[in-house]
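Take a look at the structure set out below.
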Ligand SMILES: Cc1cc2nc3c(=O)[nH]c(=O)nc-3n(C[C@H](O)[C@H](O)[C@H](O)COP(=O)(O)OP(=O)(O)OC[C@H]3O[C@@H](n4cnc5c(N)ncnc54)[C@H](O)[C@@H]3O)c2cc1C
């Protein structure tokens with residue numbers, strides 16, 4: 001188990017005077033994701049929002065475009081391009097303005113299937129990773145519970161050892177991709193007598209496991225093109241082979257992989273912020289008022305300039321962190337700063353951008369209205385701002 005990923009391709013391992021984000025392969029990847037977004041999200045995004053999920057065919061299409069295996073070894077069909085590639089993918093998928101789709105994809109590709117890669121047996125990896133990289137199987141991660149969100153160390157779902165396997169009992173909430181997914185990485189307590197952080201294990205659980213029921217949660221405020229579900233385990237038998245990493249080592253594994261997750265979430269915020277600003281610049285340049293356009297009003301220009309400054313600062317922090325991670329540096333603190341900084345900046349930015357759209361920004365179906373709703377979760381999910389800042393403080 002590692003805390004940072006040393007990637008094997010040029011996009012992560014090479015010293016170069018150019019920022020990794022300006023290397024030809026990074027530019028080519030960005031173009032490839034943009035092309036995928038143009039050909040798929042632009043015309044299908046509204047349908048995903050109405051459906052309340054990103055259909056499996058969309059994952060398959062991303063798989064065919066080679067965009068689901070950037071965190072995975074070529075042996076399984078991946079490209080192992082590392083954190084810079086993940087940031088590019090997250091930013092560009094969010095530029096589609098259908099960030100629910102981006103969330104579903106990043107959770108699958110960067111935040112859950114990676115646990116199989118790092119903690120699964122060869123047999124499990126051989127059975128699932130190629131399918132996940134093709135988008136034929138969808139993965140997710142179930143950590144949160146009704147009584148354990150930010151305080152996840154106190155999770156109560158129990159995995160009791162029995163001959164040949166474990167029996168799971170407990171409830172998981174807010175599980176993205178569970179409703180239509182195939183395999184969920186589930187955190188459960190295997191040693192209730194141990195110190196809370198030493199008694200948690202991770203399991204790869206098939207969504208059709210007997211004793212597991214999965215149902216939709218209430219309709220979400222935003223991120224509507226991804227689904228969230230409640231998973232109820234009642235005497236659900238899983239086999240020994242479902243264990244990831246070693247027994248009772250799950251909490252450390254979650255923490256280690258959180259760095260990749262939080263970097264991806266921070267990059268999503270950057271993509272959303274830059275898109276909101278671009279939409280707003282286009283809007284105010286066209287919108288006629290007081291004998292000119294809204295852009296002609298100094299207050300409008302200066303407000304947008306300030307929002308752009310905030311977005312650039314967030315992007316600089318996220319990109320620098322990704323580059324340092326790609327070089328194999330320990331970036332725990334930087335990721336802990338980048339995620340809340342980008343998320344809080346995004347909230348300021350969408351507030352300003354919605355204001356500049358006037359009533360139009362309040363209409364359902366408008367891209368800026370959707371970004372405004374999607375943005376709200378970015379300071380909550382993947383570690384609330386306060387929780388992460390507390391961790392930053394501990395390291396000061
Ligand atoms: C759209 C969406 C998708 C999600 N997807 C997944 C998923 O796929 N898998 C999964 O396991 N979970 C998922 N979650 C759950 C998410 O990770 C939790 O919502 C998050 O960790 C916060 O937990 P909570 O909602 O229980 O809030 P709580 O823990 O109840 O916290 C509420 C608020 O209290 C404040 N707070 C909490 N702790 C502190 C502190 N120490 N100091 C100061 N203030 C504090 C923060 O403002 C926080 O937002 C998802 C959530 C959403 C909304």
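The values are calculated or read from the model by the stated rules, or taken from the named source; none is laboratory data. Nothing here was measured: the structure is a model prediction, and the numbers come from that model. FYI the Cβ positions are ideal-geometry reconstructions off the backbone, even for glycines, and counts take in every protein chain you see.
Taking the conditions (1) in a loop (DSSP other than H, G, I, E, B); (2) more than 16 Å from the ligand (Cβ to nearest atom) in turn, residue 383 satisfies each one other than (2).
Within segment 100-114, not a single residue is buried (at least 24 other Cβ atoms within 10 Å of the Cβ), assigned to a loop (DSSP other than H, G, I, E, B) and within 16 Å of the ligand (Cβ to nearest atom).
Of all residues in segment 250-262, none satisfies being surrounded by 15 or more Cβ atoms within 10 Å (Cβ to Cβ) and part of a loop (DSSP other than H, G, I, E, B).
Checking the condition more than 16 Å from the ligand (Cβ to nearest atom), surrounded by 13 or more Cβ atoms within 10 Å (Cβ to Cβ) and over 30 Å from residue 47 (Cβ atoms), which residue from 389, 304, 279, 336 passes? First the steps, then the outcome.
On the way: 389 fails: more than 16 Å from the ligand (Cβ to nearest atom); 279 fails: over 30 Å from residue 47 (Cβ atoms); 336 fails: more than 16 Å from the ligand (Cβ to nearest atom).
Going through 389, 304, 279, 336 in turn, just one is more than 16 Å from the ligand (Cβ to nearest atom), surrounded by 13 or more Cβ atoms within 10 Å (Cβ to Cβ) and over 30 Å from residue 47 (Cβ atoms): 304.
Of everything in segment 198-226 that is surrounded by 15 or more Cβ atoms within 10 Å (Cβ to Cβ) and farther than 29 Å from residue 126 by Cα, the residue that is farthest from the ligand (Cβ to nearest atom) is 225. No other residue among 229, 256 is at pLDDT below 95 and either away from the ligand (no atom under 12 Å from the Cβ) or touching a strand residue (DSSP E or B) at 6+ places or on another chain (Cβ under 8 Å) (or both) apart from 256. Taken residue by residue, segment 141-154 has at least one member that is within 13 Å of residue 185 (Cβ to Cβ) and in a strand (DSSP E or B). For segment 134-157, the criterion of a residue being more than 14 Å from the ligand (Cβ to nearest atom) and either within 20 Å of residue 374 (Cβ to Cβ) or out of contact with any helix residue (DSSP H, G or I) (no Cβ under 7 Å at 6 or more places or on another chain) (or both) is satisfied by no position. Of all residues in segment 372-396, none that is outside the structural domain of residue 259 (by TED's automatic domain parsing) has its Cβ atom under 9 Å from the Cβ atom of a residue that is near the ligand (Cβ under 9 Å from one of its atoms) and assigned to a helix (DSSP H, G or I), 6 or more apart or on another chain.
I need a count of the residues in segment 81-113 that are farther than 27 Å from residue 280 by Cα and touching a helix residue (DSSP H, G or I) at 6+ places or on another chain (Cβ under 6 Å). Talk me through it step by step, then tell me what you get.
Taking segment 81-113 first, the residues farther than 27 Å from residue 280 by Cα are 81-85, 107-113.
Narrowing further to those that are touching a helix residue (DSSP H, G or I) at 6+ places or on another chain (Cβ under 6 Å): 81-85, 110-111, 113.
Result for segment 81-113: 8.
Screening segment 232-253 for residues that are more than 13 Å from the ligand (Cβ to nearest atom) and within 21 Å of the chain's Cα centre (by Cα) and picking the one that is farthest from residue 178 (Cα to Cα) gives 252. Only one of the listed residues (199, 211) is in contact (Cβ under 8 Å) with a residue 24 or more places away in the chain, in the same structural domain as residue 177 (by TED's automatic domain parsing) and farther than 20 Å from residue 147 by Cα. That residue is 211. The residue list 349, 323 contains one member that is outside the structural domain of residue 71 (by TED's automatic domain parsing) and crowded, with 23+ Cβ neighbours inside 10 Å, which is 349.
Of the residues 135, 140, which is buried (at least 21 other Cβ atoms within 10 Å of the Cβ) and either farther than 17 Å from residue 264 by Cβ or at pLDDT below 95 (or both)?
Details: 140 fails: either farther than 17 Å from residue 264 by Cβ or at pLDDT below 95 (or both).
Result: 135 is the single residue among 135, 140 that is buried (at least 21 other Cβ atoms within 10 Å of the Cβ) and either farther than 17 Å from residue 264 by Cβ or at pLDDT below 95 (or both).
For segment 359-371, a residue qualifies if it is surrounded by fewer than 19 Cβ atoms within 10 Å (Cβ to Cβ) and touching a residue at least 60 places away in the same chain (Cβ under 8 Å), and the qualifying residues are 360, 365, 367.
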